[in-house]
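**Q** Below is the structure I would like to discuss, written out as structure tokens.
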Amino acid sequence: MDFNDLVSRLGIDEEDIKELVELFITTTLSDIEKIRKGISDNNPADAAAASHSIKGAAGNLGFDEIFSIAGDMEMQAKKGSLDNFNVYANDIEGRVHALHQSISE
Amino acid sequence: MEQKQPYTVLAVDDNRLNLKLIEKSLSKEGYRIFCADNGPDARTIALKEKPDLILLDIEMPGENGFDVIRKLKDSAETNAIPVLFLTGVSEVDSKLKGFDLGAVDYITKPFHPLEVLARVRIHLKLSIATNSLIAGQANKLRQLTEAQVSMLPTPADNPDARFGVYYKALEEAGGDFYDILNISENIKGYFVADFSGHDIKTSYLTASVKALLAQNCTPVYSPIESIKMINDVLVEIMPDGKYLTACYVHINRTTHKLTIINAGHPPVVCLPVKGEPFLIKTEGDILGMFKDAQFGTQSLTVSAGDRFFIYTDGLVESAERKITWASGADSLLPVYREVSGIPYEKAPGALIDHLFGKDALPEDDIVVLCVEV
């Protein structure tokens, strides 16, 4: 992840960006757990709410791919479908772990 | 030098990261940020801290942003705080509903911190400008009230006129007015009027009427001539639809002759030294509307110690209780006897206390003059 790019895009310093990304990782992993619970309970409303949360946070930090996946998930879940949600959740989780690695370096 | 307190912003969003992002980007620019991740907490903080601006997410679990803004706008303590709501780019209905509920602007999500900062700045500037305008207007109206009150003669300045007065304007630009005319040592005039409307124009008109009274209430003219001349000028200068009801009482304490000129005004109450109080009903046209107006006139012989109450309709009317002065004036007659033992200077205040209680606020402007012969 290019921190300098984030710093210049968001207009806040690197230390704050790191803190925000760490918070993003924590909340997104928690939201992914909610999505998985929504899948196992067959509860699209809960899965939609957690996807909405990921979408909002990712969008504001400029993580466009996660924003896009979570947005699609939210729309789909609001229509009552959880098809392929495990795949999507795994995809987002992988990207979040990659983020985690890049800020730990 | 005293340091200016930082402007405060309340950010409300159930997404912790969004809150943190707003907090980071605004606090580094010198704003003090309060954060709430749900509606009830947001309302509690708004009430306690009175932030200068609120950033409010719409989509929240439980109490959503619409519920929050509705409750904020319903509360007198928080309804003036500008609210910007955060909503998705495609949610047109949400935007319209937010404006409908009183929001001043919206920020689409995902938001950029610099856009949030720019919108916060512009709306704080607007809010500061609006508040300063309101404060300026309130100050001008206060000055107007002071000017109006300073035009009203006091019993202490006119001991020979032997009167007491109660004057209460409910709004800054009051519609009621009175004046005392020192026509000669033993001839005094007492004028009470009620202007239609309570606006700035009224305040300027009271100054005109005061000048007209001073010019026309002289020993040269009879009371009816004075009022007719004043009416002729008022018809020329009054704005369309403006008029006044008025009562002019002229007392000659040498000849013991009292003359009442009534221009569509509630009847004068006579409280004789001996006997029961009674109304002196004289019908007449209003002032300032008709060139050929006819005014009610009544003359009577009076004795030393007789009292006359001249008042505006706020004393005897009640819109809430559907009482007009035509019926209200009659029903209040026994009350005048109750205040007969009180010195005339204090009788109007005692009458008001008796009718409305010490703490209650009348529904309308009120002038009550008590004149003793």
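The values are calculated or read from the model by the stated rules, or taken from the named source; none is laboratory data. In this text, all values refer to a predicted model and were calculated from it rather than measured experimentally. Note that we place each Cβ from the backbone using ideal geometry, even for glycine, and neighbour counts take in every protein chain shown. To get the accessible areas, we keep the full protein, side chains included, count just its heavy atoms, and leave off ligands, DNA and RNA. Shrake-Rupley method; radii C 1.70, N 1.55, O 1.52, S 1.80 Å.
**Q** Determine which single condition A:Ser8 fails, assuming it passes every other condition in (1) within 14 Å of another protein chain (Cβ to nearest Cβ); (2) open to solvent by less than 80 Å² (accessible area, probe 1.4 Å).
**A** (2)
**Q** Looking only at the range B:19-49, count every residue that is of a type in the set (S, T, N, Q) and touching a strand residue (DSSP E or B) at 6+ places or on another chain (Cβ under 7 Å) and tell me the total.
**A** Final tally of qualifying residues: 1.
**Q** Looking only at the range A:11-42, count how many residues are at the interface with chain B (Cβ under 9 Å from one of its Cβ atoms), farther than 17 Å from B:His112 by Cβ and hydrophobic (A, V, I, L, M, F, W, C).
**A** Of the residues in the range A:11-42, 1 are at the interface with chain B (Cβ under 9 Å from one of its Cβ atoms), farther than 17 Å from B:His112 by Cβ and hydrophobic (A, V, I, L, M, F, W, C).
**Q** Also, quick follow-up: Consider the range B:23-32. How many of its residues are crowded, with 19+ Cβ neighbours inside 10 Å and within 42 Å of the chain's Cα centre (by Cα)?
**A** 2
**Q** Does B:Thr8 qualify as being touching a Lys or Arg at 6+ places or on another chain (Cβ under 7 Å) and within 14 Å of chain A (Cβ to nearest Cβ)?
**A** It is false that B:Thr8 is touching a Lys or Arg at 6+ places or on another chain (Cβ under 7 Å) and within 14 Å of chain A (Cβ to nearest Cβ).
**Q** Which ones in the range A:59-77 are more than 11 Å from chain B (Cβ to nearest Cβ), within 16 Å of A:Ile39 (Cα to Cα) and not hydrophobic (A, V, I, L, M, F, W, C)?
**A** Result: A:Asp72, A:Gln76.
**Q** Right, another one. Run B:Leu17 past the list (1) open to solvent by 10 Å² or more (accessible area, probe 1.4 Å); (2) over 22 Å from B:Arg121 (Cβ atoms); (3) within 14 Å of chain A (Cβ to nearest Cβ) and report the number of the one that doesn't hold.
**A** With respect to (1) open to solvent by 10 Å² or more (accessible area, probe 1.4 Å); (2) over 22 Å from B:Arg121 (Cβ atoms); (3) within 14 Å of chain A (Cβ to nearest Cβ), B:Leu17 is out only on (1).
**Q** Taking the stated definitions as given, is A:Ala45 facing chain B (nearest Cβ under 10 Å) and either part of a helix (DSSP H, G or I) or in contact with a helix residue (DSSP H, G or I) (Cβ under 9 Å, 6 or more places away or on another chain) (or both)?
**A** no
**Q** Checking the condition closer than 22 Å to B:Leu152 by Cβ and in the same structural domain as B:Tyr167 (by TED's automatic domain parsing), which residue from B:Tyr204, B:Tyr221 passes?
**A** B:Tyr204
**Q** Right, next: Which count do you get for residues in the range A:11-21 that are more than 17 Å from A:Gly56 (Cβ to Cβ) and assigned to a helix (DSSP H, G or I)?
**A** Going through the range A:11-21 one residue at a time, the tally reaches 6.
**Q** Take the range A:44-55 and flag every residue that is surrounded by fewer than 17 Cβ atoms within 10 Å (Cβ to Cβ) and among the aliphatic types (A, V, I, L, M).
**A** Across the range A:44-55, the qualifying residue is only A:Ala45.
**Q** Anything in the range B:20-33 that is among the aliphatic types (A, V, I, L, M) and within 12 Å of chain A (Cβ to nearest Cβ)? List them, or say none.
**A** Across the range B:20-33, the qualifying residues are B:Leu21, B:Ile22, B:Leu26.
**Q** Any idea how many residues of the range B:183-210 are modelled with pLDDT under 90 and closer than 17 Å to B:Glu372 by Cβ?
**A** Adding up the residues that qualify gives 2.
**Q** Can you spot a residue in the range B:213-231 that is among the charged types (D, E, K, R) and in a loop (DSSP other than H, G, I, E, B)?
**A** no
**Q** Shifting gears a bit: Of the conditions (1) touching a residue at least 24 places away in the same chain (Cβ under 8 Å); (2) open to solvent by 70 Å² or more (accessible area, probe 1.4 Å); (3) not hydroxyl-bearing (Ser, Thr, Tyr), B:Asp240 clears all except one; give me its number.
**A** Here B:Asp240 clears every test but (1).
**Q** Right, next: Go over the candidates A:Gly56, A:Gly80 one by one and state the one that is under 11 Å from the mean Cα position of the chain (by Cα) and either away from chain B (no Cβ under 14 Å) or modelled with pLDDT under 95 (or both).
**A** Exactly one of A:Gly56, A:Gly80 is under 11 Å from the mean Cα position of the chain (by Cα) and either away from chain B (no Cβ under 14 Å) or modelled with pLDDT under 95 (or both), namely A:Gly56.
**Q** Of everything in the range A:33-43, what is on the phi < 0 side of the Ramachandran plot and surrounded by fewer than 21 Cβ atoms within 10 Å (Cβ to Cβ)? Give them in sequence order.
**A** Residues satisfying the conditions are A:Glu33, A:Lys34, A:Arg36, A:Lys37, A:Ile39, A:Ser40, A:Asp41, A:Asn43.
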